[in-house]
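Quick notes on the structure that follows.
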Amino acid sequence: MFFPFLIAKRDIFSRKDSRLINLISSLAITGIALACATLIIALNILNGFEQTLTNKIIDFDSHIQITSYRGTLQEYEVMLSYLESRLKKDAESISPFASKLAIISNKNYKEGVNIKGITPGSNTQLKKDIISGGFNLNEEGNIVIGKKLADKLFIKVGDKITLFALKNDQLPSMENFPNIKKYVVKGIFESGMSEYDDLFAYVNLQSAQDLFSLGNTITGYDIKLKNPSKIDSITNYLSSTLRYPHYVRSIYETHRNIFTWISLQKELIPISLNILNIIAVTNIISTLLMLVLEKTNVIGILKSLGARNRQILGIFLVQGAFISFVGIVLGNILALILSWLQYEFKIISLPSQIYFMSSVPMQINWMNFADISLKTFLLSLVVALLPSYIAAKTKPVSTLRFS
């Protein structure tokens with residue numbers, strides 16, 4: 001057996017160590033475990049935020065959205081065929097929509113709402129957020145609204161509501177009455193994002209065109225791609241090929257503030273937590289220095305028997321690696337348990353009006369576990385070099401003289 005490993009193993013599992021050494025070793029292991037778990041959980045949360053926000057935004061919008069500088073797009077069937085032919089290999093769906101602001105009324109309660117008319121077969125992802133009723137927009141008189149809006153207006157599935165919309169985008173007058181239309185609430189959705197649950201309602205595309213007096217025009221297209229990694233390249237391609245009045249924006253441009261915030265958090269939080277990790281790992285120095293002081297006589301005896309400096313250094317490096325390994329394993333187990341509990345049971349909740357979701361999202365990413373564990377272990381070995389070097393340079397004559 002490798003000599004330094006053999007001596008380190010006998011020393012680690014020996015029960016003759018002082019209580020102080022055991023206490024310091026336990027504190028070092030605990031510090032590494034907590035720092036490692038904290039960093040892994042923080043990265044899992046950041047990944048969860050990014051994935052959840054992206055998925056929710058895509059559910060309601062799209063990867064790429066084409067709108068008009070003039071407000072409406074004419075002859076949309078021709079452009080739809082053109083887009084389908086150009087993007088047939090990359091696009092999962094291309095859906096026309098008509099979206100404008102309106103007033104929704106139920107008895108004595110009124111609220112502003114963004115009405116979005118879509119084709120019945122589009123936005124199928126929204127179906128999974130339905131908490132009451134269904135996502136039935138096959139008939140023109142059906143509407144699906146968000147839970148927060150339904151709660152504010154005391155609306156439930158089956159109720160009849162009234163929508164008021166401007167005619168030709170002009171202020172109401174005696175000669176220009178607003179458009180008024182009755183709808184039946186067929187479904188209520190809850191995404192966890194107050195921006196959508198409170199402000200959006202969905203109707204049939206034809207119904208929206210009638211409500212807003214759009215005729216056969218629309219306000220844009222929602223494009224969902226098979227491969228989200230091509231969002232930027234296809235956005236640039238469409239921007240360069242489509243002429244005025246088409247305006248092409250990716251999801252990252254439409255929601256620039258959200259994705260900028262996520263990117264900022266992913267840069268700053270790991271830096272702060274890595275500092276915490278470094279502080280925890282440096283506890284190995286104090287542990288090994290205490291071991292060096294206590295094992296001075298043993299070092300002298302080993303050297304007098306022919307042990308080389310490299311072997312002495314290896315003994316203490318193995319002990320430092322053992323402390324680090326135990327701390328990392330415990331940290332990984334703790335991070336996995338806490339991440340799983342949050343993922344399954346949503347223990348920690350969030351105000352959805354601030355964070356766009358009702359609970360702390362969690363994505364258990366095994367790359368985070370591997371990356372943090374490897375970095376922590378390598379850092380521990382670097383930190384353990386100093387006390388190990390001191391032990392290796394100890395002179396046997398001095399240690400045996402004062403033993």
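The values are calculated or read from the model by the stated rules, or taken from the named source; none is laboratory data. Predicted, not measured: the structure shown is a model, and the values here were computed from it. Note that we place each Cβ from the backbone using ideal geometry, even for glycine, and neighbour counts take in every protein chain shown. Just the protein is used for accessible areas: all its heavy atoms, side chains included, with ligands, DNA and RNA removed. Shrake-Rupley method; radii C 1.70, N 1.55, O 1.52, S 1.80 Å.
At a glance:
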item	result
Residues within the range 331-346 that are open to solvent by 90 Å² or more (accessible area, probe 1.4 Å) and either in contact with a His (Cβ under 8 Å, 6 or more places away or on another chain) or in contact (Cβ under 8 Å) with a residue 12 or more places away in the chain (or both), tallied	3
Single condition PHE97 does not satisfy, out of (1) open to solvent by less than 20 Å² (accessible area, probe 1.4 Å); (2) closer than 19 Å to SER239 by Cβ; (3) assigned to a strand (DSSP E or B)	(2)
Qualifying positions in the range 196-252 - part of a strand (DSSP E or B), open to solvent by less than 10 Å² (accessible area, probe 1.4 Å) and within 12 Å of LYS116 (Cα to Cα)	ALA201, TYR202, VAL203, ILE218, GLY220, TYR221
Qualifying residue in the range 60-83 (condition: assigned to a helix (DSSP H, G or I), closer than 16 Å to TYR196 by Cα and either touching a helix residue (DSSP H, G or I) at 6+ places or on another chain (Cβ under 6 Å) or open to solvent by less than 30 Å² (accessible area, probe 1.4 Å) (or both))	yes
Residue match in the range 352-361 (condition: open to solvent by 70 Å² or more (accessible area, probe 1.4 Å) and closer than 24 Å to GLY31 by Cβ)	no
Residue list for the range 253-269, filter: open to solvent by 70 Å² or more (accessible area, probe 1.4 Å) and closer than 29 Å to MET79 by Cβ	GLU253, ARG256
Members of the range 11-59 that are farther than 30 Å from ASN277 by Cα, in contact with a helix residue (DSSP H, G or I) (Cβ under 7 Å, 6 or more places away or on another chain) and either among the charged types (D, E, K, R) or modelled with pLDDT of 85 or more (or both)	ASP59
LYS110 being surrounded by fewer than 16 Cβ atoms within 10 Å (Cβ to Cβ), under 20 Å from LYS148 (Cα atoms), at pLDDT 90 or above and of a type outside the set (S, T, N, Q)	yes
Conditions (1) under 19 Å from the mean Cα position of the chain (by Cα); (2) surrounded by fewer than 16 Cβ atoms within 10 Å (Cβ to Cβ); (3) assigned to a helix (DSSP H, G or I): number failed by ARG310	(1)
Scan of the range 362-393 for residues that are open to solvent by 60 Å² or more (accessible area, probe 1.4 Å) and farther than 23 Å from ILE41 by Cβ, ordered by number	VAL382, LEU385, LEU386, TYR389, ILE390, LYS393
Counted residues, the range 116-161 - those being over 27 Å from ILE218 (Cβ atoms) and part of a strand (DSSP E or B)	2
Sole exception among (1) open to solvent by less than 70 Å² (accessible area, probe 1.4 Å); (2) out of contact with any Ser or Thr (no Cβ under 9 Å at 6 or more places or on another chain); (3) at pLDDT 90 or above; (4) more than 26 Å from LEU53 (Cα to Cα) for PHE154, by number	(1)
Candidates LEU276, LEU288 - the one that is among the hydrophobic types (A, V, I, L, M, F, W, C), surrounded by fewer than 17 Cβ atoms within 10 Å (Cβ to Cβ), touching a Ser or Thr at 6+ places or on another chain (Cβ under 8 Å) and not in a loop (DSSP other than H, G, I, E, B)	LEU276
